[in-house]
C-alpha cells in the first residue's frame, strides 16, 4: 500500500512538473499613464518564474510608439487598433476585432493555461476566441454608474460610447473564472450592476517600496499633483484652490506632472497659471525624485477610488490630501488628509492647514509610509494575483 501511494504521489509530481503553464495577458503594457497599465507593468514581470511562458498582447494608446519585444520568458506584442476619425464609439469595436485577429494569429504557437484581461473590449475578444480560464480585472466603476462623465461631456456620441462599453463590460463578465478588483466598494458595485456568477477577489493596487520611501532630502515649498490633466481628476478645483492658497503663501509652487487627455492644456492654463509649473509627462522612474522634493501631495479626483500615484506619495512619506470620493476612505483611512469632493474652498483650507502645521503632518506621513510600504508592496500583490490564476487552471 505504501509503495502504491508513493508511486501515485511520484506520478502526480511528474505530471505537474511537465504540465506547461502559460499566461496570456490582454491589456495596456509599457510606459503608459494609467492605473490599469501600471498594475500590468508591475505584476506581470513578478510572475516570470511562476509560468513557463507569458505572452502580453497590448493595444497601443495615446500615440506612444512601441516595438514588440521579448524579456526572458515574457513576450510582448502590440496591436495598433485605431479608430474612425471623430467617431469615439468606434474605438472599442475596432479594438475588439483587431485583438481577436492578434489572438488567433498567436494561437498557433501559444496555448494559454489562464488569460488575464484588463479591458472590456479585450475581454470580449478573449471570449470570442474561445479562451478558457479567463480572469477579469475591473479597475473602475461600471460604465452605467458614470453619471459624472455624462454631465461633463453631455453629448450624444459620448452617451452612445458609454452604452456600447457597458454592453461589452456586461458580456465580458459572463463565463469568466474569476473577477478581481481593488476595493470592497467596487466589488459591491460590480455585484449590484452585473450579478456575475464568478467569485470576486479584492486585490489592492500597489507600490514599489524600493522606489518609494522617505528620504532625508531637503524639501521645497512645493505642492505636487501626478496624473492626467482632466476634469474628472479635479484639476480645475486644484487650480481654483491655489488662487486662494497664494493669497497667504505666495511663494509656494504647484507642480503638475502628467499630460492631457479629456481637455486641452489651454483649458486648464486659462483657469490659473500663476506659480504653476507644468512638468508634463515624465518617466515613472523620475517620480520618486519629484516626490522627495515636495512638501505636499494633492490628489483632488472626483471619481477615482485607488490612485496609485497617491499611494506612491504616501509611501514616500509626503503629507497627502485627497477627496473623500467613493471608496477612498476604505483604502486611505489613517494615511491621508481628506477634503470634500468637488469643493475647491475646502481643498484650499486643507492645504493651508497642512502648510501651517507641516512638521506635525510630516511625522504622521512617515508613519503612513511605513504602513503603505508593508501593506501595498507589488511583490505581495503579485502573489495574490498568482493565487487567483492558479485557482482557475
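The values are calculated or read from the model by the stated rules, or taken from the named source; none is laboratory data. What you see is a predicted model; the values in this text were computed from it and never measured. Counting neighbours? That spans all protein chains shown, and the Cβs are built from the backbone with ideal geometry, glycine included.
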Elements of type helices (runs of 4 or more DSSP H) contained in the stretch 314-393, each with 3 or more residues being in contact (Cβ under 8 Å) with a residue 40 or more places away in the chain: 344-356, 358-375, 378-392
Selected residue (only one of 285, 289 is under 18 Å from residue 35 (Cβ atoms) and not in a loop (DSSP other than H, G, I, E, B)): 285
Answer from 174, 187, 233, 243 - the residue that is in the same structural domain as residue 285 (by TED's automatic domain parsing), surrounded by 14 or more Cβ atoms within 10 Å (Cβ to Cβ) and out of contact with any helix residue (DSSP H, G or I) (no Cβ under 7 Å at 6 or more places or on another chain): 233
Matching residues in the stretch 167-195 - criterion: being part of a loop (DSSP other than H, G, I, E, B) and in contact with a strand residue (DSSP E or B) (Cβ under 8 Å, 6 or more places away or on another chain): 173, 175, 176, 177, 182, 183
Of all residues in the stretch 246-271 being within 30 Å of the chain's Cα centre (by Cα) and part of a helix (DSSP H, G or I), the one that is modelled with the lowest pLDDT: 265
So residue 310, is it in contact with a strand residue (DSSP E or B) (Cβ under 8 Å, 6 or more places away or on another chain), in a helix (DSSP H, G or I), free of Cβ contacts under 8 Å to residues at least 60 places away in the same chain and under 21 Å from residue 215 (Cβ atoms): yes
Flag for residue 128 being in the same structural domain as residue 59 (by TED's automatic domain parsing), surrounded by fewer than 23 Cβ atoms within 10 Å (Cβ to Cβ) and more than 21 Å from the chain's Cα centre (by Cα): yes
Options 70, 76; residue that is within 24 Å of residue 205 (Cβ to Cβ) and part of a strand (DSSP E or B): 76
Residue check, residue 214 at pLDDT 90 or above and out of contact with any strand residue (DSSP E or B) (no Cβ under 7 Å at 6 or more places or on another chain): yes
